[in-house]
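Please read the structure below before turning to the comments.
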Amino acid sequence: MKKILIMILAVVAAMGLNAQSAFFKGCEDMPGVSTVYISKAMLELAGASNITGGDFDIGGIASKLDGLEIVSAEGSGLAKLKGKCGAFSSGKGYEKLMSVKNDGSNVSILMKKLGGGRNEFVVFVDEETSLVVIMMTGTMTMQDVINAAK
């Protein structure tokens, strides 16, 4: 019974935190584009459970994240999503931290300082037939992200 109550509280808290970015909201209803939003409450639950995904340990940074947004597209949605990615230009405060090009695949990591010790990290995985954009907002640093990936 206690586990059920905790799950209900987590879901209610997640619904109350509707802090998606304007970019994410603009992509939600685009045909051919998939979106995933994970709230701070759900991330804290994941961090408490020491959940790892492949080589990435979400538990290490979950307490520092305000939210996680994932937007992906293939086929008909690909051109539309690429068109919206201009929102992450250097003129809008984003700094490119890293870029890797390999066999038709481009991976870039950008960062924007939000103030109050908060940062936004944006990861682009751009391949010939798909694009994935991952946005992480919170008090984590680049070192925190690197440590979580080890």
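A short reminder: the numbers here are calculations on the coordinates, not readings from a lab. Given the structure is predicted, the values throughout are model-derived calculations rather than measurements. So basically every Cβ, Gly included, is an ideal-geometry build from the backbone, and we count neighbours across all protein chains shown.
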(message) So, R0 is 30 Å and r is the distance between the beta-carbons of Ser76 and Gln143; what FRET efficiency does that work out to, to 0.05?
(response) 0.15
(request) Based solely on C-alpha atoms, express the radius of gyration and the Dmax of the stretch 76-150 in angstrom. (result) 13.1, 39
(message) Contact order normalised by length for the stretch 20-149, with contacts defined as Cα pairs under 8 Å and 6 or more residues apart; what percent is it?
(response) 25
(request) Please report, in debye to the nearest 20, how large the charge dipole of the stretch 20-149 is about its Cα centre when each Lys and Arg carries +1 at its beta carbon and each Asp and Glu carries -1 there. (result) 520
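More than 23 Å apart: what percent of Cα pairs in the stretch 20-149 qualify?
Cα-Cα pairs in the stretch 20-149 separated by more than 23 Å: 33 percent.
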